[in-house]
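All of the numbers you see were taken from the coordinates with simple rules; none came from a lab. Predicted model, so just to flag it, every value in this text is computed and none were measured. Cβ sites come from the backbone with ideal geometry, for glycine too, and all protein chains shown count toward neighbours.
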There are 2 protein chains.
Amino acid sequence: MSGAPRELTVELGERSYPIYIGEGVLDEAGNLFTERGISKKSPLMIITDANVAERHLGHLAEVLTSAGFTVVTAVVPAGESSKSLTELERLIGIALEHGLDRKSAIVALGGGVVGDLAGFVAASFMRGIKFVQVPTTILAHDSSVGGKVAVNHPLAKNIIGAFHQPELVLYDLKTLQTLPEREVKAGLSEVVKHGLIWDASFVTWCDENADKLTALDPDALGYALYKGCSVKAAVVSKDERENDLRAILNLGHTIGHALEAVAGYGELLHGEAIAIGMVGAARLAVRLGASEEVYTVTKHVLQRVGLPVRLPAHLATDEIMRAMMHDKKFQEGTMVFIVPTAIGVVEINKSVSTSLIREIVEQLKQEAI
Amino acid sequence: MSGAPRELTVELGERSYPIYIGEGVLDEAGNLFTERGISKKSPLMIITDANVAERHLGHLAEVLTSAGFTVVTAVVPAGESSKSLTELERLIGIALEHGLDRKSAIVALGGGVVGDLAGFVAASFMRGIKFVQVPTTILAHDSSVGGKVAVNHPLAKNIIGAFHQPELVLYDLKTLQTLPEREVKAGLSEVVKHGLIWDASFVTWCDENADKLTALDPDALGYALYKGCSVKAAVVSKDERENDLRAILNLGHTIGHALEAVAGYGELLHGEAIAIGMVGAARLAVRLGASEEVYTVTKHVLQRVGLPVRLPAHLATDEIMRAMMHDKKFQEGTMVFIVPTAIGVVEINKSVSTSLIREIVEQLKQEAI
């Protein structure tokens, strides 16, 4: 491995776990799994998607087999549609056929879809077995930390799930080198978000290093993912089950999720939709009294890493509003929004009026680019 | 309500919860729900099956509505086949359509099937919402306490689930008065089990009061359920997630589950299969050195409450053995059995040989009745 990996810990008492970020950390999977108590006596199952399987499954399976683990593999179709109860049932069937037991582990090799799905397999199989996250996208630096796992229901995303923390997260920068450019940029959206909610100096750093990040410079990328994971870990440590603070991680997501739903999954990548949502949240912040700078800096840094900031005009405002009303972050009819009060600081505003949001959505369609 | 209800607490730190047992406790549901923090601002959903719906759904819904709760109801077909991911998805669709949110609660009104299914809805909907158990069978005194919830996979029972504790358990003895005689007796199987694993004097009491129990005498039944729930609560308090001690609750279940699977769900009720399994465990105990009395008392008390003790001869031993090998209690290839070393005392024996179990299964087919 070139250079020592960065390491950090998600502090959750007896559920604490380490994150390793570096080039070639997958080569060390055998030792790291053993250190974390993954049993060699029971088979483990790697779940991945068809795209990632082609590039990385052979390598990870080989490393683990060489280290003495019994490895079962399961490949799901790439894409959001795999986050279904149908796929869950199929995967649990494979686990049963291959003799996985209560001491087995599930390894999620892939992006957010694979992590969420495999995580819910681990959470629900025999009422919960061990779980390892091996993210292979930039976006997954967010979803792989914190234990939120889920599948979709035909009526709503991520509505069937659990809080199930991994035993460890192994983030090999080498797996990121083959990502398509659009996915790289979309992934950086959540990296920037972690700066916007928690750390103004990291937002400045992202601005200054935007070109290196989009070019996948390993050192810049390693640092950015380390910082992003650190913010996520700090928030999750304080509020594992999203009773209050953890909601700040949803900056940009209320509008973003609605855009994804209305656009049809695929037209807008998650990170792209969230970027537009964060510009919306910044506009909202200014309307609620924050400095104009909150909006200009937010928009600028997102554009620097190549993200869209204008809402596609053909998406109907009525439909976007309707989609938002179904969002599970609306508690007891109150409209909850994460609002940046300054760069690096957000608040949870529980009384934002629907009509103001509608105005913001309209303005986002006119956003200068 | 006639007479004060019996009350006990499942001690689980911040997840502790009360169990109320008595005639007419359902009439108090409004106050008891409120005491336990169930919100009136969010709709709650009662899940029940077609049989129970006819008898008790109207009453419970009326009590809760009068108390100011918004009540959504969902009815599933009676029987084990409702414990499926298909039914889970349908119920979560109903929850979404009726605006349930993170502060809503799921109420399981029914026997073990309803409790397990509704409990997993509560565990997985929005990653976990509140949950109330309202058992309406004797058997459910066992499954309604302790937080084990699950649905079935085509290849294995209870393999997709969670540990999700209820906020409270409301046990109205009036709901038991309409149970068919065969179900009453089958339900007493788990009551007797709680004596056999934990409390010899309660086994004697069951023997002496067997006629009252099968006749559904309210006072005897209330006491028996109170004792059964107390044993379950004590065990669960010490080992919530079944790391060790909780396994003793599986007395009779390794053989019992195999019999249920081979007989086809329905020929043997769960309690009947477990009764035969407990006689098998007692026979095993004697073979491993326990006093003959362990076998004679176990068999006697089960017969006193009208339970079968002989394994139906037409069930193929090979198939029973195969079904046992798939049981999730077999860790890392080792055969685990719960063995009574005396009446009221059990041990977890992790090295029982397959050939000895085969002998026991054969003997159970010859059991004198």
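General observations
- Nitroxide proxy distance, nm - points 7 Å out along Cα→Cβ at B:ARG36 and A:GLN177: 5.7
- Kirkwood Rh, Cα atoms: Rg over Rh of segment A:81-136: 0.94
- For B:ARG358 and B:ASP244, a Förster radius of 22 Å and the Cβ-Cβ distance give a FRET efficiency of 0.25, rounded to the nearest 0.05.
- The equivalent ellipsoid that matches the C-alpha gyration tensor of chain B spans semi-axes of 34, 22, 18 angstrom, in descending order.
- Relative contact order [Cα under 8 Å, 6+ residues apart], chain B, whole percent: 14
- When the Cα convex hull of segment B:181-364 is projected onto planes of every orientation, the mean area is 9.7 nm².
- Principal semi-axes of the equivalent ellipsoid, √(5λ) from the alpha carbon gyration tensor of segment A:154-251, are 25, 17, 14 Å from largest down.
- Computed over segment B:181-364, relative contact order equals 28 percent, with contacts defined as Cα pairs under 8 Å that lie 6+ residues apart.
- With its label point put 7 Å out from Cα toward Cβ, A:GLU183 sits 5.2 nm from the same residue's point in the other copies, in order from shortest.
- Projected-area average for segment B:14-73 over all orientations - Cα convex hull basis, square nanometres: 4.6
- Chain B: angle of helix B:181-198 to the longest principal axis, Cα-based, in degrees nearest 10: 70
- Chain A holds its axis-closest Cβ, relative to the rotation onto B, at the residue and whole-Å distance A:LEU85, 2.
- Formal net charge of residues neighbouring B:LEU109 (Cβ-Cβ distance under 11 Å; K, R +1; D, E -1): -1
- Mean-position separation - Cα centroids, segment A:123-140 and segment A:148-204, in angstrom: 13
- Net charge contributed by nearby residues that have their C-beta within less than 13 Å of B:THR298 (K/R +1, D/E -1): 0
- Pairs from the table (B:LYS41/B:LYS185; A:LYS148/B:LYS83; A:LYS157/A:LYS193) lying more than 30 angstrom apart at Cα are B:LYS41/B:LYS185.
- Surrounding net charge for A:LEU8, when Lys and Arg each add one and Asp and Glu each subtract one, Cβ distance under 13 Å: +1
- Each other copy holds its own label point for A:SER291; taking that point as 7 Å from Cα along Cα to Cβ, the gaps run 8.2 nm, nearest first.
- For B:GLU7, inter-copy label distances in nm, listed shortest first [label point 7 Å out on the Cα-Cβ vector]: 5.1
- Cα-projected label distance for A:VAL345 with B:HIS59, points at 7 Å along beta-carbon direction, nm: 5.8
- Alpha-carbon Rg/Rh ratio, for the protein assembly as shown, with Rh computed the Kirkwood way: 1.01
- For chain A, built as a Gaussian network whose Cα springs stay under 10 Å, the top-fluctuating residue of A:ALA313, A:ALA78, A:ALA150: A:ALA313
- Taken about its Cα centre, segment B:6-176 carries a charge dipole of roughly 420 debye when the Cβ of each Lys and Arg holds +1 and the Cβ of each Asp and Glu holds -1.
- Shape class of segment A:6-176 from the alpha-carbon gyration tensor: rounded, with the ratio a/c of largest to smallest axis under 1.5.
- Interchain or long-range residues, amide H under 5 Å from A:ASN158's placed H: A:ASN152, A:HIS153
- Debye, to nearest 20: dipole size of chain B, +1 on Lys, Arg Cβ, -1 on Asp, Glu Cβ: 640
- Cα centroid separation, segment A:215-252 to segment B:238-272 (Å): 43
- Highest-fluctuation residue, A:HIS194, A:HIS153, A:HIS300 considered, GNM on chain A with Cα pairs under 10 Å: A:HIS153
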